[in-house]
Amino acid sequence: MEVESNGYFCGMDETKNPWKTLSGKKVYENPWIRLDEYEVITPTGSEGIYGKVSFKGKAVATLPIDEDGNTWLVGQYRYTLNEYSWEIPMGAVPTEEGYEQGALRELKEETGLVAEKLEFLMKIHTSNSVTDEVGMVYIATGLSQGETDFDDTEELAIKKLHFKEALNMVLEGTITDSLSVGAILKYAFINKLH
């Protein structure tokens, strides 16, 4: 391979998909996810299988910021990880609900916060080696406190803290959730809080 002067390898067409799908089948499905398995030809020409998890809802997350520079985190024990996780408020949005509407709803349900303004922050592929899930992240401002309305599967702790403390939690590895890490780092970067 040739190396360009900027250090990148060249010779690969980024618009051409090097994967070939031979067949696919549904392996598992429940009300929240679907797992498909594909027989493929890999980019190197070998035969293999590939599994893909598709979610029935759309992922949204909201980074609430008040006028004093505080934010809110939600803590819960994550079954998949078998450990406790601090995250920004987030959840799944049904396909018929818009991202912004879902972001405001999840923020209210998990923290009780009602936002006057919602601003798009970023799009994230949450784990692109195994899922096609896309997460949309927003900043919520103009906050007022209301009542929470947890889902029947949620046992949540709510923590209000200064944004810089949340940033330190990311940098120290206490916050590891991809939507939360991405949102906090990008907000810190665009607001020169690093």
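The values are calculated or read from the model by the stated rules, or taken from the named source; none is laboratory data. Keep in mind it's a predicted model, so treat the numbers as computed, not measured. With ideal geometry, Cβ positions are generated from the backbone for all residues, glycine too; neighbour counts draw on all protein chains shown.
Tabulated data for the structure shown
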{"item": "Any hit, the range 68-76, residues being among the hydrophobic types (A, V, I, L, M, F, W, C) and free of Cβ contacts under 8 Å to residues at least 24 places away in the same chain", "result": "no"}
{"item": "THR62 in contact (Cβ under 8 Å) with a residue 60 or more places away in the chain and either outside the structural domain of VAL130 (by TED's automatic domain parsing) or part of a strand (DSSP E or B) (or both)", "result": "yes"}
{"item": "Residue satisfying condition, being assigned by TED's automatic domain parsing to the domain that holds ASP66, within 25 Å of ARG34 (Cα to Cα), at pLDDT 95 or above and surrounded by 17 or more Cβ atoms within 10 Å (Cβ to Cβ), within set ILE139, ILE88, ILE124", "result": "ILE124"}
{"item": "Qualifying residue in the range 95-109 (condition: among the β-branched types (Val, Ile, Thr) and touching a helix residue (DSSP H, G or I) at 6+ places or on another chain (Cβ under 9 Å))", "result": "no"}
{"item": "THR95 being of a type outside the set (Asp, Glu), within 17 Å of ALA140 (Cα to Cα) and within 17 Å of the chain's Cα centre (by Cα)", "result": "no"}
{"item": "Boolean, PHE163 is modelled with pLDDT under 95 and aromatic (Phe, Trp, Tyr)", "result": "no"}
{"item": "Verdict on LEU118 being surrounded by 13 or more Cβ atoms within 10 Å (Cβ to Cβ), at pLDDT 95 or above, part of a strand (DSSP E or B) and at negative phi", "result": "yes"}
{"item": "Every residue from the range 52-85 that is β-branched (Val, Ile, Thr) and at pLDDT 95 or above", "result": "VAL53, VAL60, THR62, ILE65, THR71, VAL74"}
{"item": "Unique match (being touching a Ser or Thr at 6+ places or on another chain (Cβ under 9 Å), among the β-branched types (Val, Ile, Thr), assigned by TED's automatic domain parsing to the domain that holds ASN168 and not in a loop (DSSP other than H, G, I, E, B)) among VAL40, VAL74", "result": "VAL74"}
{"item": "Residue match in the range 162-173 (condition: of a type in the set (Val, Ile, Thr), touching a residue at least 40 places away in the same chain (Cβ under 8 Å) and in the same structural domain as THR62 (by TED's automatic domain parsing))", "result": "no"}
{"item": "Single residue of THR42, THR80, THR62, THR71 found to be exposed (fewer than 12 other Cβ atoms within 10 Å of the Cβ) and polar (S, T, N, Q)", "result": "THR80"}
{"item": "Residue list for the range 137-194, filter: touching a strand residue (DSSP E or B) at 6+ places or on another chain (Cβ under 8 Å), aliphatic (A, V, I, L, M) and either under 12 Å from LEU121 (Cα atoms) or outside any loop (DSSP other than H, G, I, E, B) (or both)", "result": "VAL137, ILE139, ALA140, LEU143, ALA157, ILE158, LEU161, ALA166, MET169, LEU179, ALA183, ILE184"}
